[in-house]
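To start, the structure itself, in C-alpha cells.
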Amino acid sequence: MKVILIGGFLGSGKTSAVLQLAKYLVGDGPVDKPRVVIIENEIGEVGIDDKVLAGAGYDVKGLFNGCVCCTMSGELVYTLQKIEKNINPAYVIMEATGVADPGGIKKVLDEGYAARLPIKICCLADASRWRRMLVPLGHIIKAQLDGAHVILINKTDLVDAAALAEVDASIKSFNGDAVVHHISALRPIDTAIWAEMA
Ligand SMILES: Nc1nc2c(ncn2[C@@H]2O[C@H](COP(=O)(O)OP(=O)(O)OP(=O)(O)O)[C@@H](O)[C@H]2O)c(=O)[nH]1
Ligand SMILES: [Mg+2]
C-alpha cells in the first residue's frame, strides 16, 4: 500500500488534482476491490471535498476537526492501519488540509507502523495568487514546498508566461530538488505526471 500525499494551500486545486490522480490510478483495476482509497482531512467538523470525491465513486474516509500534521496524527496512523487491514488498496491518496505542514505528516508516517509504507508528497501551488500570498503566508508556503517530491504549479490558465516564470523561480528558491510541472487542474492533466508518482 503506497501513500500519496497531496498538499498545498487553501484553494490551490488539491481536490481537482485528486480526482484526476484517482481516476488514473484506478485505471482498469478490479472492481471488486478498490485500488484506491482517499483520505480527506479537513479542519472543520463537516467535510465538503469528501462528498465531492465520494460522489465521483471513490472510497473516501474523512478525518475532520483537526489537522493530521499535528492534533490528529494518531487518528491518521489508526486510519491507515484500518484501511490496510480491511481493504489493502494499492494506493491511499490523502488530501491534506490547506494549512497542513506535509513535513509534519511525513514525520508521523516515518515512525512506527507507517514507516514501511512508501510515501510520495505532491504540493499544489496556485500560480494565480502566488505573489499575493507569498508575503503574508510565506512560512506556511515554504513548509508546504519544502518536503515535496513533486510540485504542481496549478491554474496556469489564469496567468501569462512572465508571471509563470516568476512563480517558477520563486518555487525553485524554496525547493530546488522537487520535480516541477505546470498544470491546469480544470483540464486533463498529462498522465505521465501521475505515472511518476505512482
Ligand atoms: N481557473 C482555474 N481554476 C481552478 C484550477 N484548479 C482548480 N480551480 C478552481 O479553484 C477552486 C479550488 O479548487 P479545489 O480543487 O477545490 O482546491 P483545494 O485545494 O482542494 O481547496 P481546499 O480543499 O478548499 O483547500 C475551485 O473552484 C476549482 O474549480 C485551474 O487550473 N484553473
Ligand atoms: Mg480540497
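Laboratory data are not the source of any read-out in this text; all were calculated from the coordinates shown. Remember, predicted model here, so these are calculated numbers, not experimental data. Glycine gets a Cβ as well: all are built from the backbone with ideal geometry, and neighbour counts include every protein chain shown.
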Could you list, ordered by first residue, the pairs with Cβ atoms under 7 Å in which the first is in the range 153-170 and within 12 Å of His181 (Cβ to Cβ) and within 16 Å of ligand 2 (Cβ to nearest atom) and the second is polar (S, T, N, Q) and not in a strand (DSSP E or B), at least 6 apart or interchain? Asn154/Ser12; Asn154/Ser184
Which of the residues spanning the range 84-105 are touching a residue at least 24 places away in the same chain (Cβ under 8 Å), away from ligand 2 (no atom under 16 Å from the Cβ) and not aliphatic (A, V, I, L, M)? Glu84, Asn88, Pro89, Tyr91, Asp101, Gly103, Gly104
Consider only pairs whose beta carbons are under 8 Å apart and that are at least six residues apart or on different chains; among these, list those whose first residue lies in the range 183-198 and is of a type in the set (Lys, Arg) and whose second residue is part of a helix (DSSP H, G or I). Arg187/Asp157
Can you work out which of the residues in the range 39-64 that are of a type in the set (A, V, I, L, M) and buried (at least 18 other Cβ atoms within 10 Å of the Cβ) is nearest to Val3 (Cα to Cα)? Ile39
Does Ala100 meet the test of being surrounded by 16 or more Cβ atoms within 10 Å (Cβ to Cβ) and over 22 Å from Ile151 (Cβ atoms)? no
Among the strands (runs of 3 or more DSSP E) confined wholly to the range 102-198, which include 2 or more residues that are over 16 Å from Gln20 (Cβ atoms) and under 16 Å from the mean Cα position of the chain (by Cα)? 119-126, 179-182
Given the criterion among the β-branched types (Val, Ile, Thr), touching a residue at least 40 places away in the same chain (Cβ under 8 Å) and surrounded by fewer than 21 Cβ atoms within 10 Å (Cβ to Cβ), identify the matching residue among Val108, Val18, Val77, Val36. Val108
